[in-house]
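The structure appears below as structure tokens.
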Amino acid sequence: MTQRISKFKRFVMMNPIIQFFKFIFLSIKVLLIVAGGHGGTREVHK
Amino acid sequence: MSKIVILGAGISGHVAASHLRRKLDKTHEVIVVSPNSNYQWIPSNIWVGIGRMKSKEILFPLAPLYKKKGIGFKQAKVTSFYPEGDSETEKPFVVAEYVSAEKKGETERITYDYLINATGPKLNFETTEGLNPGTNKTYSVCTYTHADHANEGLQALIAEMKKGKEAKIVIGTGHAKATCQGAAFEYILNVEQELRRQKVRDKAKITWISNEYKLGDFGMDGMLLSYGSNIMKSHEMVEMVFEDRNIDWILGAGVNKIEDGLAHYETLTGEYKTIEYDFAMLIPSFSGHGFKAFDKNNNDITDKLFKGFMIVDADYAPKPYEDWTVQDWPETYQNPNYQNIFAPGIAFAPPHSISKPRKSPNGTEIFPAPPRTGMPSGITAKLVADNIIDSIKNNTESLHHKGSMGNMGAACIASAGFGITKGSGVSITTFPIVPDYKKYPDTMGRKLGKTFGEIGLAGHWLKLMLHYAFIYKAKMRPFWYLIPE
Ligand SMILES: Cc1cc2nc3c(=O)[nH]c(=O)nc-3n(C[C@H](O)[C@H](O)[C@H](O)COP(=O)(O)OP(=O)(O)OC[C@H]3O[C@@H](n4cnc5c(N)ncnc54)[C@H](O)[C@@H]3O)c2cc1C
């Protein structure tokens, strides 16, 4: 095993309070990306 | 009065049926034909496969829901397509064979005005000799029955490890052109965490085996993503996670034969090798279902409808990787020969892969086929339903709704371990799914910021929330349609 994630980073990754805010942030970000629209590609590049 | 027939009740078939039923009045018929009596939320099979969720938590029976909502349901599998009808039946129809106990073996001609083929993939275990879930110590997590089986195999091995057995675990792809690396990636991390939870991690050597050229390709040619304040490549991110969890990897491997506890594979360098294991989960290749199609005079016209999967409005002209563009990818999922047939989700034939094609010196193609994950499957199904609804309401063909995978984002919330306080997830979003190298030339074809990665407990919560939200939506509970695909 090679420790690639520092102790501090691991703390941040697993701390429920920090992660609660991350959860809110991630939910909004994912929603914006996915619900943020989709469309064709063909006209745009004509 | 229109009759819309939907083949398949997976993510895309069910999404299409729900939206059609909600937006069309009851004078129009919506009928689903699918062999499985249950709806299953496939992404949570990962947790069934490690025993942290029961399969009954990820499925529900379709018949009562469809009855309540006014959607017709035939528990049958389609075998052939007659898009022009035939001498006996004037309208277009499909032939379906019932699988339900009461009508088993009976066939029926199901006529339609609009047909949505949402039959997803055939799990093509046969193309890899000896790869058959539950035999030769190999398993799959592609369906809930497979996942239950995988969990039994895993728990039996863990019991032996608790008695001192040293075990070799191999997880990845079971064919040179398999896809769905994301699911295998989730499973390997969940198995690793489960071994730690059960205090036998030190007894296991875990290896990732995959047809990817680099880690983190995921069948999407890899990606450049923002990770906190850094910008990194997906292979660097996955490498970091695997090294940190002491998982080895073998890349560019086309698994071609399975024996009891032994996987044979060919590498991109042309070598033939084997790897031993006590437990393996290998994703099979996906293919079309081998449907046949006939014109009104009973001539075989299968190649007008199928190219393995169903032909849609993609550009199938063969061209080198360097000439691929996002414009090759379909926008409306309409069959060009029969305008009332559509194929969203995994059922449509992609124009080519997304990952760069590679061959071994022996001529074997070893690279991932393009994935179509849950989100694009749902989005494409909804846009197909919306175009049919508009066409019916306006009494003229409408293809207003478009959604190319070259202009659509996707979120892959990969579980990296289960547990409200001990769980973890690798959340990756990409925009667009198919890289647009012209639009984003300096960022590997994708928009940075919209293409990002995050690792941590929040990812697990998000995946769990999505599990409950999508099952709520699939059950068509109040305001289900407000939850986006
Ligand atoms: C283990 C696993 C984990 C995954 N995790 C994720 C994830 O975390 N996020 C994500 O976005 N995606 C994930 N995916 C991918 C996702 O499950 C698929 O993209 C999605 O299921 C595709 O939907 P579909 O409706 O096109 O096909 P399917 O869901 O496969 O549905 C096909 C339907 O067609 C029916 N059918 C088959 N043959 C016939 C026939 N002859 N006649 C009529 N009906 C037929 C089937 O019974 C089924 O109901 C995962 C996949 C797997 C295997």
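Can you name every residue in region B:347-385 that is within 14 Å of chain A (Cβ to nearest Cβ) and away from the ligand (no atom under 16 Å from the Cβ)? Listed by number, the list holds a single entry, B:351. In the set B:133, B:92, B:121, only one residue is away from the ligand (no atom under 15 Å from the Cβ) and crowded, with 17+ Cβ neighbours inside 10 Å; that residue is B:92. Within this structure, residue B:34 passes the test of being open to solvent by less than 40 Å² (accessible area, probe 1.4 Å), within 15 Å of the ligand (Cβ to nearest atom) and free of Cβ contacts under 8 Å to residues at least 60 places away in the same chain.
Listed here are the residues, each with its yes/no results for (1) touching a residue at least 60 places away in the same chain (Cβ under 8 Å); (2) acidic (Asp, Glu); (3) within 14 Å of chain A (Cβ to nearest Cβ); (4) within 14 Å of the ligand (Cβ to nearest atom).
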| site | (1), (2), (3), (4) |
| --- | --- |
| B:39 | yes, no, no, yes |
| B:69 | yes, no, no, no |
| B:77 | no, no, no, yes |
| B:82 | yes, no, no, no |
| B:88 | no, yes, no, no |
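Tell me yes or no: at least one residue of region B:315-336 is under 30 Å from residue B:273 (Cβ atoms), free of Cβ contacts under 8 Å to residues at least 60 places away in the same chain and touching a strand residue (DSSP E or B) at 6+ places or on another chain (Cβ under 8 Å). Checking region B:315-336: not a single residue is under 30 Å from residue B:273 (Cβ atoms), free of Cβ contacts under 8 Å to residues at least 60 places away in the same chain and touching a strand residue (DSSP E or B) at 6+ places or on another chain (Cβ under 8 Å).
Applying a threshold of 6 Å to beta carbon distances and a minimum spacing of six or more residues, or different chains, the list of pairs starting in region B:143-161 at a residue that is away from the ligand (no atom under 16 Å from the Cβ) and ending at one that is polar (S, T, N, Q) and not in a helix (DSSP H, G or I) reads B:158/B:198.
Scanning region B:41-55 for residues that are within 9 Å of the ligand (Cβ to nearest atom) and of a type in the set (Phe, Trp, Tyr) yields a total of 1. The lone criterion from (1) farther than 17 Å from residue B:456 by Cβ; (2) open to solvent by 10 Å² or more (accessible area, probe 1.4 Å); (3) not polar (S, T, N, Q) left unmet by residue B:228 is number (1). Each residue in region B:407-422 was checked for being more than 9 Å from chain A (Cβ to nearest Cβ), in a loop (DSSP other than H, G, I, E, B) and either within 16 Å of the ligand (Cβ to nearest atom) or at pLDDT below 90 (or both), and 1 pass. Within the option set B:297, B:256, being at pLDDT 95 or above and either within 14 Å of another protein chain (Cβ to nearest Cβ) or under 23 Å from the mean Cα position of the chain (by Cα) (or both) holds for one residue only, B:256. Restricting attention to region B:448-485, the residues that are within 12 Å of another protein chain (Cβ to nearest Cβ), β-branched (Val, Ile, Thr) and buried (at least 18 other Cβ atoms within 10 Å of the Cβ) add up to 2. Here residue B:56 fulfils each of the conditions (1) assigned to a loop (DSSP other than H, G, I, E, B); (2) within 25 Å of the chain's Cα centre (by Cα) apart from (1). Scanning region B:95-118 for residues that are more than 11 Å from the ligand (Cβ to nearest atom), assigned to a loop (DSSP other than H, G, I, E, B) and buried (at least 16 other Cβ atoms within 10 Å of the Cβ) yields B:112, B:113.
Of the numbered criteria (1) facing chain A (nearest Cβ under 9 Å); (2) in contact with a strand residue (DSSP E or B) (Cβ under 6 Å, 6 or more places away or on another chain), the one residue B:439 fails is (2). Quick check on region B:386-398. Is at least one of its residues open to solvent by 10 Å² or more (accessible area, probe 1.4 Å) and within 16 Å of the ligand (Cβ to nearest atom)? No, because not a single residue in region B:386-398 is open to solvent by 10 Å² or more (accessible area, probe 1.4 Å) and within 16 Å of the ligand (Cβ to nearest atom).
The values are calculated or read from the model by the stated rules, or taken from the named source; none is laboratory data. Source: prediction; values computed, not measured. Please note: Cβ atoms are built from the backbone with ideal geometry, for glycine as well, and neighbour counts cover all protein chains shown. Quick note on the areas: whole protein, heavy atoms, side chains included, nothing else; ligands and nucleic acids left out. Shrake-Rupley method; radii C 1.70, N 1.55, O 1.52, S 1.80 Å.
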